[in-house]
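Below is one structure, written out as structure tokens; comments come after it.
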Amino acid sequence: MGYSRLAMADGAAKILVIEDAHDLMRLMVRILESAGFTVIQAYGGEDALRKVRTHHPDLVLTDLAMPLMSGVEVIERIKRTPESASIPCVAVTAFMWDQIASAAGRVGCDGFVGKPFTSATLLAEVAKHVPLPTKMRAAG
């Protein structure tokens with residue numbers, strides 16, 4: 001587990017969620033905020049890249065199949081930018097074994113969560129990349 005951000009010692013990790021489906025975004029935000037994480041929302045690739053620059057998240061969770069800019073392209077741009085290259089990126093996708101997931105792996109995707117997912121599955125993958133907030137560790 002590469003928890004490299006010193007800021008996380010003082011508070012919950014910041015997670016950028018990129019998802020163009022509003023219902024799924026609400027679900028992911030509810031799961032992550034209930035666990036004690038700080039959540040930043042982006043509904044597309046350009047919005048996400050702006051928020052990576054301004055919010056410096058500790059983890060990015062991204063859908064892969066989005067209009068205009070795919071999650072694969074978002075991950076590729078995050079990973080090739082020196083200021084954000086170390087941010088773990090996890091794909092949340094229904095395309096687990098498809099060419100799109102393979103492409104995500106080639107550009108530096110750090111993990112996958114298949115859709116549909118459970119709260120436990122999502123949080124287990126998140127915990128591989130950032131520490132769980134204190135309230136989650138105490139409850140677990």
Excluding ligands, DNA and RNA, the carbon-plus-sulfur percentage of the accessible area of region 4-75 with a 1.4 Å probe reads 54 percent
Once phi for every residue in region 58-70 is put through the Karplus expression 6.51 cos²θ - 1.76 cosθ + 1.60 (θ = phi - 60°), the whole-Hz ³J(HN,Hα) values, with Gly and Pro written as x, are 8, 7, 10, 10, 10, 5, 9, 9, 10, x, 6, 9, 6
Rounded to one decimal in nm, the spacing of the 7 Å Cα→Cβ label points at Arg50 and Ser34 is 3.1 nm
Applied in sequence order to region 24-41, the curve 6.51 cos²θ - 1.76 cosθ + 1.60 (Karplus, θ = phi - 60°) yields integer Hz couplings, x standing for Gly and Pro, of 5, 4, 4, 4, 5, 4, 4, 4, 5, 5, 4, 7, x, 7, 8, 10, 10, 10
Surrounding charge for Met25, neighbours by C-beta under 13 angstrom, Lys/Arg +1, Asp/Glu -1, total -3
Here FRET efficiency (C-beta to C-beta, Met69 to Ala124, R₀ 25 Å, nearest 0.05) is 0.35
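The values are calculated or read from the model by the stated rules, or taken from the named source; none is laboratory data. These numbers come from a predicted model, not from an experiment. As a convention, Cβ positions derive from the backbone with ideal geometry for all residues, glycine included, and neighbour counts pool all protein chains shown. Accessible surface areas use protein heavy atoms only, side chains included; no ligands, DNA or RNA. Shrake-Rupley method; radii C 1.70, N 1.55, O 1.52, S 1.80 Å.
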